[in-house]
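Peer 1: Before anything else, here's the structure in question.
The values are calculated or read from the model by the stated rules, or taken from the named source; none is laboratory data. From a predicted model like this one, the values you see are computed outputs, not experimental measurements. Neighbour counts run over all protein chains shown; Cβ positions are idealised from the backbone, glycine included. We work out accessible area using only protein heavy atoms, side chains counted, and drop any ligands, DNA or RNA first. Shrake-Rupley method; radii C 1.70, N 1.55, O 1.52, S 1.80 Å.
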Amino acid sequence: MKKIGILGSTGSIGTQTLEVVRNNGDIQVAALAAGSNIGLLERQIREFHPRLAAVMDEERARELAVRVRDTGTEVIGGMDGMLALAALEEMEILVTAVVGMIGIRPTMEAIRAGKDIALANKETLVTAGHLIMPLAKEHGVSILPVDSEHSAVFQCLHGEDPRTFSRILLTASGGPFRGYDRERLADVTLEDTLKHPNWVMGQKITVDSATLVNKGLEVMEACWLFGADLDQIQVVVQPQSVIHSMVEFEDGAVMAQMGTPDMKLPIQYALYYPERRFLPGERLDLFALGSISFEAPDMETFEGLSMAMEAARIGGSMPTVFNAANEWAVRRFLKGEIRFLDIYEAIRSAMDRHHAKEDPALDEILEIEADTDRWLESRC
């Protein structure tokens with residue numbers, strides 16, 4: 001019986017992870033954590049009977065504790081609760097599915113406690129990869145990618161000498177506005193932005209997909225996960241979202257991982273790695289698909305990718321500023337307070353004011369995030 005914990009159990013990745021649990025009889029949910037959605041978390045507690053549940057909002061945690069007092073689940077709140085959950089003794093693997101930099105500290109705590117990490121939180125490696133990867137090596141912990149693109153690369157490299165790859169071909173759908181110019185982007189609405197053509201995801205990552213910020217974060221994450229230089233990663237638009245990513249080896253061979261756009265596949269692969277198991281769901285029909293097409297990304301119009309590459313080349317604390325500014329802007333956009341193109345302006349202005357610090361410590365990373373947020377707020 002494999003015992004897992006889920007940070008972000010009420011979000012898109014978290015709920016799909018629990019679908020994988022339902023489909024398999026040998027996974028036990030030891031711990032669940034959410035931000036504030038205690039209604040769904042209560043239902044999850046009653047179905048999966050975790051020993052521990054954590055809620056970031058401490059007031060909501062106290063409310064949940066009352067609501068589930070007839071169960072055997074202990075409820076704890078705040079960041080201290082998240083850290084206690086991350087180090088839970090009987091848990092073997094932690095699925096980090098929270099959105100944003102809030103996932104860094106619990107991830108590091110879990111690594112120190114010897115837990116494998118099924119990583120679905122991009123910001124952890126984007127801002128603190130220089131801390132996370134050496135820590136994982138020190139404690140003999142596996143970082144297992146859950147993002148579909150990174151899982152695809154991971155699967156392509158399985159059984160291969162990782163020193164023999166020459167390029168990672170990271171695919172992108174292009175999002176709902178593929179082919180748009182700046183003039184058309186100026187008028188897009190939140191409703192338009194949340195209509196991703198292929199994937200069902202949370203709101204924040206759906207917006208990031210539309211701006212191509214998400215692909216930029218994935219490029220930075222891939223550098224840490226696979227020990228790749230930035231110049232070894234090429235973004236390729238693959239509109240059908242059938243090829244999830246590819247690896248080119250030094251002899252010219254290219255391996256691709258293909259499948260329907262279903263996040264349960266990379267989630268299950270991470271939980272059972274290196275074993276493969278039956279996964280119910282739609283199968284890829286190549287005859288119905290007919291053809292697969294490729295395009296170069298429009299990095300001039302969709303500045304999220306080009307600014308991410310710039311932040312990655314500068315390195316140090318600049319990726320933290322890139323990410324923090326994007327998180328601030330997306331929050332504003334989701335509330336209807338700024339327009340789509342204002343997201344790019346917020347990132348650009350925050351990066352322009354920042355002088356990158358090399359190898360920032362965790363406290364410095366969190367302070368740089370907070371400072372970026374304060375500065376952007378002060379301009380409103």
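Peer 1: Return an integer: the convex hull volume of the alpha-carbon atoms of the chain, in Å³ per residue. Working shown, then result.
Peer 2: Working: hull volume 53.8 nm³, N = 380.
Normalising the Cα hull of the chain by residue number yields 142 Å³.
Peer 1: Got a sec? Charge dipole of the stretch 257-297, +1 on Cβ for Lys and Arg, -1 for Asp and Glu; which of 273, 293, 263 is way out at the positive end?
Peer 2: Farthest along the dipole direction, towards plus: 273.
Peer 1: Another question about this same structure. Among the lysines, select those whose C-alpha is under 16 Å from the C-alpha of residue 204, and discard any that sit fewer than 8 residues away in the same chain.
Peer 2: Counting by Cα, and skipping residues close in sequence, residue 204 has these lysines nearby: 122, 195, 215, 335.
Peer 1: Ok, one more. Mind checking Rg over Rh on the stretch 18-143, alpha carbons, Kirkwood formula for Rh? Don't skip to the answer; put the middle values down first.
Peer 2: Values: Rg = 14.4 Å, Rh = 14.8 Å.
Dividing the radius of gyration by the Kirkwood radius yields 0.97.
Peer 1: Working out 0.36 nm times the residue gap between residue 160 and residue 1, then minus their Cα-Cα distance, what length gain in nm do you get to one decimal?
Peer 2: Numbers: separation 159, 0.36 × 159 = 57.24 nm, distance 2.93 nm.
Net length gain for the segment: 54.3 nm.
Peer 1: On to the next question. Once the piece of chain linking residue 59 and residue 191 is laid out straight, how much longer is it, given 0.36 nm per residue of separation minus the C-alpha distance between them? If you can, show how the numbers build up before the last one.
Peer 2: Details: separation 132, 0.36 × 132 = 47.52 nm, distance 3.16 nm.
Gain on stretching residue 59 to residue 191: 44.4 nm.
Peer 1: Under 5 Å between amide H atoms, partner at least 5 residues away or on a different chain: which partners does residue 338 have, H built in plane at 1.01 Å?
Peer 2: Sorted by chain and number, the residues that satisfy this are 333.
Peer 1: Using the Cα centre of the stretch 238-380 as the reference point, and only Cβ charges (+1 on K/R, -1 on D/E), how large is the resulting charge dipole? Debye, rounded to the nearest 20.
Peer 2: Approximately 520 debye in magnitude.
Peer 1: Keeping all protein chains in place, calculate the accessible area per residue for the chain (probe 1.4 angstrom), answer in Å². Numbers along the way, then the final one.
Peer 2: On the way: 16290 Å² over 380 residues.
Per residue, the chain has 43 Å² of solvent-accessible surface.
Peer 1: I need the GluC sites (Glu not before Pro) found in the stretch 206-309, filtered to DSSP loop residues with at most 14 other beta carbons within 10 Å of theirs. Intermediate values should be presented prior to the final figure.
Peer 2: Values: sites: 218, 221, 248, 250, 275, 282, 295, 300, 303; in loops: 250, 275, 282, 300.
Of the GluC sites (Glu not before Pro), the ones in loops of the stretch 206-309 whose Cβ has at most 14 other Cβ atoms within 10 Å are 250, 275, 282, 300.
Peer 1: Let me ask you something else. Are there any trypsin sites (Lys or Arg not before Pro) in the stretch 43-141 that are in a DSSP loop and have at most 13 other Cβ atoms within 10 Å? List them by number.
Peer 2: On the way: sites: 43, 46, 51, 60, 62, 67, 69, 112, 115, 122, 137; in loops: 51, 69, 115.
Sites meeting the loop and neighbour criteria: 69.
Peer 1: Local charge sum around residue 221 (other residues, Cβ-Cβ under 11 Å, Lys/Arg +1, Asp/Glu -1)? Intermediate results must be reported in sequence, preceding the final value.
Peer 2: Working: positive: 122, 215; negative: 123, 147, 149, 218.
Spelling it out: positives minus negatives among the neighbours equals -2.
Peer 1: What is the percent carbon and sulfur in the accessible area of the chain, measuring with a 1.4 Å probe over the protein chains and ignoring ligands?
Peer 2: After summing per-atom areas, the C and S share lands at 48 percent.
Peer 1: Mind listing the long-range amide H neighbours of residue 6? Cut-off is under 5 Å, sequence gap 5 or more, other chains count too, H placed in the peptide plane at 1.01 Å from N.
Peer 2: For residue 6, the qualifying residues are 31, 32, 33, 95.
Peer 1: I'd like the Karplus ³J(HN,Hα) series for the stretch 345-352: coefficients 6.51, -1.76, 1.60, θ = phi - 60°, whole numbers in Hz, and an x wherever there's a Gly or Pro.
Peer 2: Along the stretch 345-352, the couplings run 4, 5, 5, 4, 5, 5, 5, 5 Hz.
Peer 1: Express the Stokes-Einstein translational diffusion coefficient of the stretch 106-146 in µm² s⁻¹, to the nearest whole number, given a Kirkwood radius over alpha-carbon pairs, 37 °C and a viscosity of 0.692 mPa s.
Peer 2: Values: Rh = 9.9 Å.
Rounded to a whole number, D works out at 331 µm²/s.
Peer 1: Rounded to whole Hz and in sequence order, give me ³J(HN,Hα) for the stretch 17-26 from the Karplus expression 6.51 cos²θ - 1.76 cosθ + 1.60, θ = phi - 60°, writing x for Gly and Pro.
Peer 2: Couplings: 4, 5, 5, 4, 4, 4, 7, 10, x, 10 Hz.
Peer 1: Given the Cα-Cα distance of residue 71 and residue 358 and 0.36 nm per residue of separation, how much length would full extension add, in nm?
Peer 2: 98.5 nm
Peer 1: About the Cα centre of the chain, how large is the charge dipole given +1 on each Lys and Arg Cβ and -1 on each Asp and Glu Cβ? Please answer in debye to the nearest 20.
Peer 2: On the way: 37 positive and 58 negative charges, 188 e Å.
Computed charge dipole of the chain: roughly 900 debye.
Peer 1: Using the Cα centre of the chain as origin and beta-carbon charges of +1 (Lys, Arg) and -1 (Asp, Glu), tell me which of 15, 338, 223 is placed farthest towards the positive end of the dipole.
Peer 2: Of the options given, the answer is 15.
Peer 1: At most 12 other Cβ atoms within 10 Å and a DSSP loop assignment: could you name the trypsin sites (Lys or Arg not before Pro) in the stretch 243-336 that fit?
Peer 2: Details: sites: 264, 276, 277, 283, 313, 331, 332, 335; in loops: 276, 277, 283, 335.
Within the stretch 243-336, the qualifying trypsin sites (Lys or Arg not before Pro) (loop, at most 12 other Cβ atoms within 10 Å) are 276, 277, 283, 335.
Peer 1: Given 125, 172, 100, which one lies farthest toward the positive end of the charge dipole of the stretch 100-207, if we put +1 on the Cβ of every Lys and Arg and -1 on the Cβ of every Asp and Glu?
Peer 2: 125
Peer 1: Name the long-range amide H neighbours of residue 77: under 5 Å, sequence gap of 5 or more, or other chain; modelled H, no Pro or chain starts.
Peer 2: Here 55 satisfy the definition.
Peer 1: Can you list the HN-Hα couplings for the stretch 304-319, worked out from phi with the Karplus curve (6.51, -1.76, 1.60; θ = phi - 60°), rounded to whole Hz and with x for Gly and Pro?
Peer 2: x, 6, 5, 6, 5, 5, 5, 4, 5, 5, 5, x, x, 8, 5, x
Peer 1: To continue, here is another question. Over 22 Å apart: what share of the alpha carbon pairs of the stretch 257-346 falls there, rounded to a whole percent?
Peer 2: Working: 2326 of 4005 pairs.
The answer is 58 percent, as a whole percent.
Peer 1: How large is the dipole of the stretch 185-242 about the Cα centre if only Lys and Arg carry +1 and Asp and Glu carry -1, each at its Cβ, rounded to the nearest 20 debye?
Peer 2: Values: 3 positive and 8 negative charges, 31 e Å.
Charge dipole of the stretch 185-242: 160 debye, to the nearest 20.
Peer 1: While we're here: For the stretch 219-376, what is the per residue volume of the convex hull drawn over the alpha-carbon atoms, in cubic angstrom?
Peer 2: Numbers: hull volume 28.9 nm³, N = 158.
Normalising the Cα hull of the stretch 219-376 by residue number yields 183 Å³.
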